[in-house]
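Here is the structure we will look at, set down as structure tokens.
The values are calculated or read from the model by the stated rules, or taken from the named source; none is laboratory data. All of these numbers come straight from a predicted model, not from anything done at the bench. No Cβ is skipped: glycine too gets one built from the backbone with ideal geometry, and neighbour counts run over all protein chains shown. Ligands, DNA and RNA are stripped out before the accessible areas are found, and what is left, the full protein with its side chains, is counted by its heavy atoms. Shrake-Rupley method; radii C 1.70, N 1.55, O 1.52, S 1.80 Å.
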Amino acid sequence: MKTIVWFRNDLRLHDHPALHEAATCGQVVPIYIVPETKTPTASDWWISESLEHLKEQLEKLGAPLVILQGEPALVLTEFAFRHGADSLFFNGQVDPISRREETSLLEAEGLSGIDIRRFEPNMLLDPSILKTGAGHPYKVFGAFWKSLQQQTIPWPLPVPTSLTSWIDSDATSILLEETDLRSSIKWDTSLQEAWTPGEFASFNQWVHFKDNGINSYVRRRDFPAIDGTSRLSGYLASGNMSIRALWHAVRRAQSEGEVPQPEPFLRQLAWREFAYYQLMHFPDITERPLRSEFLQFAWREDPEGLLAWKEGRTGFPLVDAGMRELWSTGTIHNRVRMVVASFLIKHLLIDWRIGAEWFRETLVDYDVANNTLGWQWVAGSGFDAAPYFRIFNPTAQSKKFDADGTYIRKWVPELATLPKPFIHEPHLAPEDVLTEAGVLIDKTYPSPIVDHSTARTRALDAYAFIKGKKEGSS
Ligand SMILES: Cc1cc2nc3c(=O)[nH]c(=O)nc-3n(C[C@H](O)[C@H](O)[C@H](O)COP(=O)(O)OP(=O)(O)OC[C@H]3O[C@@H](n4cnc5c(N)ncnc54)[C@H](O)[C@@H]3O)c2cc1C
């Protein structure tokens, strides 16, 4: 059989159900399709680096990667017709845009004679398995996690030992450099310094975390100046790493006595699973708050505040450090993600979807499911979210999680020599201390763009309004 394997956000060879099945059925042409007319994002940089790596690996196995550009159903129909394919296999994805692509492929007339098969997405379990006693999807994470722990996670599939292609890939493929993925990513040098994408790098990162981080994960994971988390999110989002492979690697390390208590880390992997599960069952959550009262929320238009937030000029050092880390490295530590998201939503009253869009453009680990869950969680509009009225105080968070200001000093260098008591609130430092540190408030570093207490009261008033409406309507 001649099978096209359509690669998507599954840029790896291990535990790749579509590739595995195609390899056992006969000849294989692996294809990646770059979307047309797309403004490149930081995660596109990650994808293009991963494609370079995947290309090398597929070539070694015997079936070089073909890169094409366009609308997937059209490109694949044309390719299958021209090269006489019998079948087309791909791994499913759960986000609405990818699901629409899958539907148009399954309905494409030109592919009617072809055996099209959709395999499982990069999840621990088929999302239709876990249901409440009443047969509904879970809305509460605790119950979901309990139920997940009772399941057996399937074993990851091996890498095919060899592949054979039936076409001359070089003559068919376009060059990666010619695609929209590569063009005009403004900050790719700093991303290059921060990350090594690709399947092999994902294994190295796991080993590094197993040997240096997982056993102190609970103690260290909340401190942004410390390398205390796995830093695997980019590998998981691009599919460089299979979630099942990671799950079983953790369990193996546990059984070999290397990781006596893996549950806290596995629980975070379950949050990812919950995000995918929710997106699968409630596809409009990328745009719509899960709690309907939030549809009435009176978001503010504040272009200046939004720009200050994006550029890390809010006058709240932890928020500014996070936003500058994001721009420079394409990531933010989870604790700081929560703080910057909360600041945008609750201190500036800017719609969470605007923040989610900025994260889509700038995160190397951008993942539509995790990002949506993260923003709805912080906004309080998700099913199992932080209550809206719990408003992070960015200064208190800074004092607690970056007590000596190491993280702030790294990302906001104009504050680097401020002594510890003032690093969290530079505008309150005495004049002589500021002079000594070379800080000029409102010249080299801004004073806070909002007053915390005033912003807090305004946010609570806005919430009381929608809450009142809900109570009034019930
Ligand atoms: C506003 C907001 C937006 C976010 N956007 C994204 C995103 O686009 N992509 C993304 O992968 N994560 C996102 N997260 C979740 C989390 O911040 C990152 O997964 C984590 O910081 C990645 O670092 P790590 O790999 O070192 O995490 P670790 O702590 O080592 O966790 C291991 C893995 O578990 C998963 N995970 C951990 N925490 C969460 C969580 N809260 N929700 C879902 N999965 C989780 C991730 O796949 C992560 O790689 C977001 C969180 C917030 C609050």
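Can you give me the Rg/Rh ratio for region 366-474, using Cα atoms for both radii and the Kirkwood formula for Rh?
Reported Rg/Rh, Kirkwood definition of Rh: 1.10.
Hey, can you rank 445-456, 18-29 by average C-beta count inside 10 Å, highest first?
Top to bottom by mean Cβ count within 10 Å: 18-29, 445-456.
Per-residue ellipticity at 222 nm for the chain, helices alone: DSSP H runs ≥ 4 residues times -39500 (n - 2.57), over residue total, nearest 500 deg cm²/dmol?
Details: 22 runs with 229 residues, N = 474.
-14500 deg cm²/dmol, from helical runs alone.
Enter the accessible area per residue of region 292-469 (Å², integer; probe 1.4 Å; all protein chains in place).
Each residue of region 292-469 exposes 42 Å² on average to a 1.4 Å probe.
With r defined as the distance between the Cβ atoms of I97 and A298 and R0 fixed at 41 Å, what FRET efficiency is calculated, to the nearest 0.05?
Between I97 and A298 the formula returns 0.90.
Would you list R82, R324 from the most to the least accessible area, probe 1.4 Å? Intermediate results must be reported in sequence, preceding the final value.
Numbers: R82 150, R324 55 Å².
Sorted descending by solvent-accessible area, the residues read R82, R324.
Roll a 1.4 angstrom probe over the protein heavy atoms and tell me the percent of accessible area of region 292-469 that is carbon or sulfur.
55
Mind pulling up the Rg/Rh value for the chain? Radius of gyration and Kirkwood radius, both on Cα.
0.99
Give me the angle, in degrees from 0 to 90, between the Cα long axis of helix 317-329 and the longest principal axis of the Cα atoms of the chain, rounded to the nearest 10.
So the inclination is approximately 20 degrees.
Rounded to the nearest 10 degrees, what's the angle between the helix 199-212 long axis and the longest principal axis of the chain, both from Cα atoms, 0 to 90?
It works out to around 50 degrees.
Once you compute Rg and the Kirkwood Rh from C-alpha atoms, what is the Rg to Rh ratio for region 251-383?
1.03
At q = 0.12, 0.15 Å⁻¹, what log₁₀ I(q)/I(0) does a Debye calculation on the Cα points of region 1-121 give, no solvent, two decimals?
Those come out to -0.40, -0.65, one per q.
Principal axis extents for region 292-469, Cα atoms only, whole Å, descending order, please.
Taking max minus min along each principal axis of the Cα atoms, region 292-469 gives 52, 34, 29 Å.
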